[in-house]
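Chemist: Pasting a structure here, questions to come.
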Amino acid sequence: MEPQEIADRIRVALSRRKPTFGPRSRPLAEVLDAAELDEATLRSSGLVRIDDDDEVHLLDTSDLPGAWKRRMQDGFDSALVRQLDSASYQAFVQAVYGSEYRFSPLDDGQVATMIGQMELRPGARFLDLGCAVGTLTARAARATGARGTGIDFAPSAIRRARADHPDLAFVVGDLDDLGALAFEPFDAAVAFDTLYFPLDLHDTLRQVATLLVPGGRLVASFTHRVAEGPVSDDPADSRLAQALDEGGWTWSAVDATEAGGAFWRRSAEVLVEMEERFRDQGDEDLWANIHAETSVTVEAYDADRVRRWLYAATPS
Ligand SMILES: C[S@@+](CC[C@H](N)C(=O)[O-])C[C@H]1O[C@@H](n2cnc3c(N)ncnc32)[C@H](O)[C@@H]1O
């Protein structure tokens with residue numbers, strides 16, 4: 001393996017721990033597993049220090065955001081369209097959501113609440129931040145008569161969104177650099193489960209504020225998950241609410257925890273029923289990925305470590 005590839009794997013393994021960006025240290029077993037490296041390669045990389053408790057510390061963090069982001073971008077770029085085109089995944093989507101493809105734990109009730117929170121009139125303009133293949137952009141536009149623009153950093157998803165929804169606008173863009181896109185101001189922006197990903201959430205919120213007309217609103221679904229329960233039931237305690245407060249936004253939140261838990265439990269049941277179908281169609285890796293995320297998330301809901309909030313916010 002090339003030294004650059006080894007370095008990249010180590011950096012990503014030490015940077016990626018959802019939902020927050022960080023930390024710079026992680027237990028040895030987890031790093032070896034996430035980086036898919038053997039211990040000798042890790043030790044001889046020169047990039048880490050392993051302490052007496054077998055905790056791995058990254059020595060050089062300078063390229064951390066870049067490596068993490070490249071990996072995320074590649075991952076999304078290959079996953080989104082592949083799932084859209086997989087017959088077994090589409091059957092899963094129909095069974096769990098009962099409606100069109102999406103790449104987020106949003107059942108139709110949550111989607112409808114968020115579209116309502118955007119308070120769009122026919123002809124108004126909205127921006128969908130992290131729109132993937134544009135299915136929810138199209139849903140919001142249909143429901144309100146508003147004109148939608150979607151941005152996402154996954155180019156193949158944007159190509160597909162343009163082909164499937166030629167009446168809407170789709171742009172390859174980065175949540176970390178919205179200023180580069182020179183948009184006219186929007187009446188609302190929506191983030192269907194995407195505000196976990198900016199490298200600097202404060203900065204992204206500041207950029208979103210500049211893209212809104214006076215009185216325009218940002219609507220965002222956000223899961224607040226903690227390592228040890230019970231999680232706070234105050235919507236002000238999530239990372240997103242704290243960033244909104246620090247940026248001087250005014251906000252309200254709807255509790256979607258019950259719907260969120262029900263969604264993931266339904267996913268878990270459907271996945272068990274559909275394992276063979278995924279395998280028969282050569283999609284066992286897709287099944288394994290979704291199953292891993294679903295198991296961890298159901299466990300977190302069962303242990304009262306998760307709250308799910310739908311925020312509507314206005315900049316000061
Ligand atoms: C969990 S998916 C949600 C997709 C879509 N909103 C939905 O609900 O189906 C997150 C999306 O955010 C996009 N994304 C992640 N980081 C991004 C970034 N820095 N800039 C632009 N898009 C990003 C991904 O490509 C992906 O489409």
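Read-outs throughout are calculated quantities, based only on the coordinates presented, and are distinct from any laboratory measurement. Nothing here was measured: the structure is a model prediction, and the numbers come from that model.
Chemist: Quick check on the chain: what are the equivalent-ellipsoid semi-axes from the Cα gyration tensor, as sqrt(5λ), descending, whole Å? List each step's numbers first, then the result.
Modeler: Numbers: eigenvalues 202, 114, 85 Å².
In descending order the semi-axes read 32, 24, 21 Å.
Chemist: Around Asp177, which amide H atoms from residues at least 5 apart in sequence, or from another chain, sit under 5 Å from its own amide H, with H modelled in the peptide plane?
Modeler: Those qualifying (amide H under 5 Å, at least 5 residues apart or on another chain) number zero.
Chemist: Another question, then. Which whole-number percent of Cα pairs in the range 1-158 have a distance greater than 21 Å? Walk me through the numbers on the way to the answer.
Modeler: Details: 7279 of 12403 pairs.
Of the Cα pairs, 59 percent sit more than 21 Å apart.
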